[in-house]
Every structure is written in C-alpha cells, then in structure tokens.
Amino acid sequence: MKCFLRSVSFCFVIFVPLLLSGCMLTKQKMEEPDSFKSHIQVELTQYEQSAFKQVEASFFTAKSKELVFRVLSDIDKTSEWLERVDSLEVLEIYNNQKYLLRTIIAMPWPFQDRELITCVNTGFEESMITIDIYSCSEQVAESELYLRLPQVVSSWSIKNVSDGLVEVKYKTWLDPKGNIPAFIFNSELIDSTKIDFKKLQTIIESTSLEYFSY
C-alpha cells in the first residue's frame with residue numbers, strides 16, 4: 001500500500017509546475033541532436049476550445065519501466081527537478097490504484113498560490129504502466145488561502161517498446177485561472193518542460209532498483 005501511495009502521489013505532482021511555467025501559442029516541437037535514448041520531444045497542441053495549450057512530451061530510456069515508475073514515485077526527490085510544489089497531501093485512498101490528492105503550488109508574487117484537488121488512477125499491465133489524473137475539485141471545500149484550479153487533465157505512460165527500451169510519454173492541460181494571460185502562460189512551457197525532463201532523465205539514468213526499498 002505504501003508503495004502505491006508514494007507512486008500516485010508523486011506522479012500527480014509532476015504535471016502541475018510544468019504547466020504553470022508557461023508555453024507557446026502555436027504547436028511547436030523542440031528537438032536536440034542527442035542519442036535516440038536520451039532524446040526529448042516536447043510539443044504544444046490545441047485542447048478543445050481553450051486558449052491555454054496542452055503540452056506533450058516523451059523520451060526513451062534503457063532503464064526498466066519499473067525503475068522509471070519508482071523514480072516518479074520518490075516524493076523525497078521531487079524538489080530535485082520540480083520546485084513549485086509547496087505541499088502534497090493524500091486526502092483519501094479509494095483502493096490500491098485510486099487516490100484523492102491535494103497539491104499546493106507556490107506561485108511567484110503577485111500571484112496567489114494555487115490548489116489542486118485531483119483523483120489519480122494508476123494502471124499496471126505487463127508491458128505498460130499508466131497514470132491518469134483529473135480534477136475532483138467538487139469533493140473538497142475551497143480554502144480562502146489558495147486559488148482552486150478546477151480544470152485539470154493529465155496522464156503518463158511508461159511502456160516497453162522493445163527489449164531494453166522504454167518510452168515515457170506525458171501530456172497535460174489545465175486552466176491556470178486568475179489574471180494570467182494565455183500568451184504568457186503559453187510562452188515558456190516548452191523550454192521549462194524540457195529543462196524539467198532533462199533533470200528527470202538524469203535521476204533515472206543515475207539510479208537503480210536497488211536504491212528503492214519497495
């Protein structure tokens with residue numbers, strides 16, 4: 001149970017600071033002449049009729065999907081590659097694969113700190129692990145201390161694509177609310193996502209399953 005709890009908690013956290021960083025108004029891709037395994041792709045896509053873009057990212061690793069999942073579940077390491085998460089609280093455990101979570105996002109002045117209440121569903125298959133994250137805002141009363149973000153859609157997939165090669169895919173969208181113009185929100189997200197994913201890659205590539213006790 002502790003293993004699942006740590007996993008889902010951290011996987012939920014990942015998408016929030018990336019989106020609150022900003023992004024570009026039109027669909028874009030940023031690529032580097034890295035090796036195939038370490039290559040990171042980031043692009044923006046339209047999400048329904050929203051002015052705020054959805055970000056999608058992916059990369060490959062020679063590490064196992066189990067290791068990737070454990071790195072994502074290591075809450076103590078969150079600050080090594082994401083700095084915006086102020087606190088994370090598991091409000092309710094429905095079962096080993098579904099949780100209700102509260103995340104507080106520290107925002108720079110003059111913006112008010114954000115709060116997200118989400119449900120997280122984790123699926124385990126032979127060749128793939130998936131994490132689906134969506135708003136469950138109506139299940140918790142709002143606090144005057146934070147600005148609640150009620151619209152959130154995010155997911156991760158960690159998939160074996162061949163012997164010795166795992167694909168990690170991520171996509172997320174949210175409405176940041178408040179007085180944040182879409183062009184500002186959209187203007188920096190590709191760069192910030194890529195920076196964060198490089199940090200994530202470094203952690204994945206420098207650790208092993210022996211590091212974890214679960």
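Quick note: the coordinates plus some simple rules give every number you see, no bench work behind them. Bear in mind the structure is a predicted one, so any value in this text is a computation, not a measurement. So basically every Cβ, Gly included, is an ideal-geometry build from the backbone, and we count neighbours across all protein chains shown.
How far apart, in nanometres, would the label points at Ser64 and Leu209 be if each is projected 7 angstrom from Cα along the Cα-to-Cβ direction?
0.1
Would you work out the charge dipole size for region 37-96 about its Cα centre, treating the Cβ of every Lys and Arg as +1 and the Cβ of every Asp and Glu as -1, and quote it to the nearest 20 debye?
About 380 debye.
Each residue of region 187-197 in turn: what ³J(HN,Hα) in whole Hz from Karplus with 6.51, -1.76, 1.60 and θ = phi - 60°, glycine and Pro shown as x?
Taking θ as phi minus 60°, the curve returns 7, 10, 5, 4, 4, 5, 5, 5, 4, 5, 6 Hz for region 187-197.
Based on the mean of other Cβ atoms within 10 Å per residue, sort peptides 67-73, 135-141, 118-124, 55-61 so the most packed one is first. Could you put the intermediate results ahead of the total?
Values: 67-73: 22.7, 135-141: 13.9, 118-124: 18.9, 55-61: 21.0.
Order by mean packing, descending: 67-73, 55-61, 118-124, 135-141.
With 26 Å as the limit, write out which pairs from Lys65/Lys177; Lys63/Lys169; Lys65/Lys194; Lys98/Lys198; Lys53/Lys77; Lys63/Lys194 have Cα-Cα distances beyond it, or answer none. All intermediate terms of the calculation are to be shown ahead of the outcome.
Numbers: Lys65/Lys177 35 Å; Lys63/Lys169 15 Å; Lys65/Lys194 20 Å; Lys98/Lys198 28 Å; Lys53/Lys77 28 Å; Lys63/Lys194 19 Å.
Flagged as over cut-off: Lys65/Lys177; Lys98/Lys198; Lys53/Lys77.
If you find the alpha carbon centre of region 186-214 and of region 42-83, how far apart are they in angstrom?
Taking the Cα centre of each part, region 186-214 and region 42-83 sit 8 Å apart.
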